[in-house]
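Please treat every number below as a calculation from the coordinates, not as lab data. Model, not experiment: these values are computed from the prediction. Methodologically, a virtual Cβ is constructed for each residue, glycine included, from the backbone with ideal geometry; neighbour enumeration extends over all protein chains shown.
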């Protein structure tokens, strides 16, 4: 089964290098603030100040705060999809690929997507929410396709592949907890333990 990548948000045609730089600066700053603080506490004025631009500059590139949030989250999910695909492709086995994914996720932790979306949902349109959900589902489907292949190969017993993908993603959120990460000298050690815990359940 071929997995589609999350849809790309439409961009402005023929941007100058300065416009692209400003766009990227705003998007990068907004992404970081939204992931760290959630939707409501972050203001466009705060983003503008950190980027050393005017609020009007933000509106030039992004029509509204909800749209900026949507683009920030879908861009992050697109990078997550690409990183997940890269980890799976360079691995010799699925278990090794999961280890690569886990280590990368733990090394650069971010807020739990469901919590962020629950807070922002009241401010987003149905179409914006759908785009974010589509990006999230693309990552789960990519993992599910690889689990399905392992079922066919007899490596692990038949289970719901999407449920396994979602369960693995949820397990990796433990990498955000300081009370857990502080007990491990390196992200790799925690990644190995989480993948082993998951694999024992998936393979039983």
> So for the pair residue 79, residue 177, with labels modelled 7 Å out along Cα→Cβ, what separation do we get in nm?
Replying inline: 2.6 nm
> With the chain treated as a Gaussian network of Cα nodes joined by springs under 10 Å, which of 25, 122, 138 yields the largest mean-square fluctuation?
Replying inline: 122
> Cα centroids of segment 102-163 and segment 166-204: how far apart, whole angstrom?
Replying inline: 16 Å
>> Starting from 0.36 nm per residue, how many nanometres of slack lie between residue 151 and residue 49 once their C-alpha separation is accounted for?
In response: 31.6 nm
> If one computes the Cα centroid of segment 28-67 and of segment 72-86, what distance in Å separates the two points?
Replying inline: 20 Å
>> On the Cα set of segment 68-134, report Rg and Dmax in Å, please.
In response: 14.2, 44
>> Ignoring everything except DSSP H segments at least 4 long, calculate the 222 nm mean residue ellipticity for the chain; use -39,500 (n - 2.57) per segment, divide by total residues, nearest 500.
In response: -23000 deg cm²/dmol
> Hey, what did the chain get for relative contact order, percent, Cα under 8 Å, at least 6 apart?
Replying inline: 25 percent
> Taking the chain as a Gaussian network, Cα atoms linked when under 10 Å apart, which of 40, 148, 114 shows the biggest mean-square fluctuation?
Replying inline: 114
> So how tilted is helix 65-90 from the main axis of the chain? Cα-based, degrees 0 to 90, rounded to 10.
Replying inline: 30 degrees
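What percentage of all Cα-Cα pairs in the chain are separated by more than 28 Å? Walk me through the numbers on the way to the answer.
Details: 7202 of 20706 pairs.
Everything past 28 Å amounts to 35 percent.
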> Which residue, 128, 141, 45, has the most motion in a Gaussian network model of the chain that connects Cα atoms within less than 10 Å?
Replying inline: 45
